[in-house]
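A.B. asks: Supplied in structure tokens, the structure appears directly below.
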Amino acid sequence: MTSLEGLAPAFRRCVGELGMWSASSLFVATARAAGGEAGVAALEEALGSEFPVLEQVALGFAAPDVTEEVAASCVGLRRLVVVGIESDCLAPLLARLPRTVAVALILDPTFPVDLDRLRAGWGHQVELTDLAAFQRFSGTKSALLTTVYGTDGFRAAVARVWLRCHGDDVRSQFGRLIGWNVLGATMDRFPRWLVETDIDDFTDLIGAP
């Protein structure tokens, strides 16, 4: 048992408030700064089997940065509902969106979240919503956006909450359903903590391999 195995609870907390990919990127960067590639390997050994996204990040798998393409897909929107947080995606996207776009966030309840800290961090830029209320943001000038954690061209790994907030009724109420792929190809390991969905869910799938 390595000393790093005790990091799992802290990692889960970070996932809840930053997102799986963002937390993985933070932990891998910290491990590299502290111990070089040996530190990254030790982190992957300790947490990779439980958190396959962290494993992929530690192994260097990532899609190219497509923030500009995602921002371009949001041109003309009045409202954007982000399904599942990824802070490393959301922050640069917000910087590119016009202030006239109202942005709401549905959190994935899989991991614990300090709502007060989250609200303090995002301020007035993002409104927290939930599955019972998000459809008030619907309209032809509205979109749902979620992070994709790898795709094989047919199926895509997404946060569990995505399956609870889209469907035929939602597709008819939102102008676009956008998938933002951060991992490129599908993961070799079963995507624990995530679910798979058809890529046909999306009107726009950006960052696909």
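The values are calculated or read from the model by the stated rules, or taken from the named source; none is laboratory data. Everything quoted here is computed from the prediction, not taken from an experiment. Please note: Cβ atoms are built from the backbone with ideal geometry, for glycine as well, and neighbour counts cover all protein chains shown.
A.B. asks: Determine whether D88 is of a type in the set (D, E, K, R) and either buried (at least 20 other Cβ atoms within 10 Å of the Cβ) or closer than 26 Å to P209 by Cβ (or both).
C.D. replies: yes
A.B. asks: In the set F27, F61, F51, which member is closer than 15 Å to A8 by Cα, out of contact with any Cys (no Cβ under 8 Å at 6 or more places or on another chain) and of a type in the set (F, W, Y)?
C.D. replies: Being closer than 15 Å to A8 by Cα, out of contact with any Cys (no Cβ under 8 Å at 6 or more places or on another chain) and of a type in the set (F, W, Y) holds for just one of F27, F61, F51, which is F51.
A.B. asks: Out of contact with any strand residue (DSSP E or B) (no Cβ under 8 Å at 6 or more places or on another chain) and over 29 Å from P9 (Cβ atoms), is that true of A185?
C.D. replies: no
A.B. asks: May I ask you to list pairs of residues, at least six apart or on different chains, whose Cβ atoms are under 9 Å apart, with the first in the range 5-28 being without any contact (Cβ under 8 Å) to a residue 24 or more places away in the chain and the second being assigned to a helix (DSSP H, G or I) and aromatic (F, W, Y)?
C.D. replies: Here the result reads A10/F27; C14/F27, each pair linking the range 5-28 to a residue that is assigned to a helix (DSSP H, G or I) and aromatic (F, W, Y).
A.B. asks: Still on this structure: What's the number of the condition I85 fails, among (1) out of contact with any Gly (no Cβ under 7 Å at 6 or more places or on another chain); (2) at pLDDT 90 or above?
C.D. replies: (1)
A.B. asks: Let me ask something else about it. Is it fair to say D130 is over 18 Å from F111 (Cβ atoms), at pLDDT below 95 and among the acidic types (D, E)?
C.D. replies: It is false that D130 is over 18 Å from F111 (Cβ atoms), at pLDDT below 95 and among the acidic types (D, E).
A.B. asks: Taking the residues in the range 103-116 that are aliphatic (A, V, I, L, M) and more than 14 Å from A71 (Cα to Cα) as candidates, determine which candidate is surrounded by the fewest Cβ atoms within 10 Å (Cβ to Cβ).
C.D. replies: L115
A.B. asks: Determine which member of the set F154, F137, F174 is surrounded by fewer than 19 Cβ atoms within 10 Å (Cβ to Cβ) and not charged (D, E, K, R).
C.D. replies: F154
A.B. asks: If we scan the range 164-182, do we find a residue that is in contact (Cβ under 8 Å) with a residue 12 or more places away in the chain, under 23 Å from L47 (Cβ atoms) and out of contact with any Pro (no Cβ under 7 Å at 6 or more places or on another chain)?
C.D. replies: yes
A.B. asks: May I ask you to say which residue of S24, S49 is outside the structural domain of R164 (by TED's automatic domain parsing), more than 26 Å from Q135 (Cβ to Cβ) and at pLDDT 95 or above?
C.D. replies: S24
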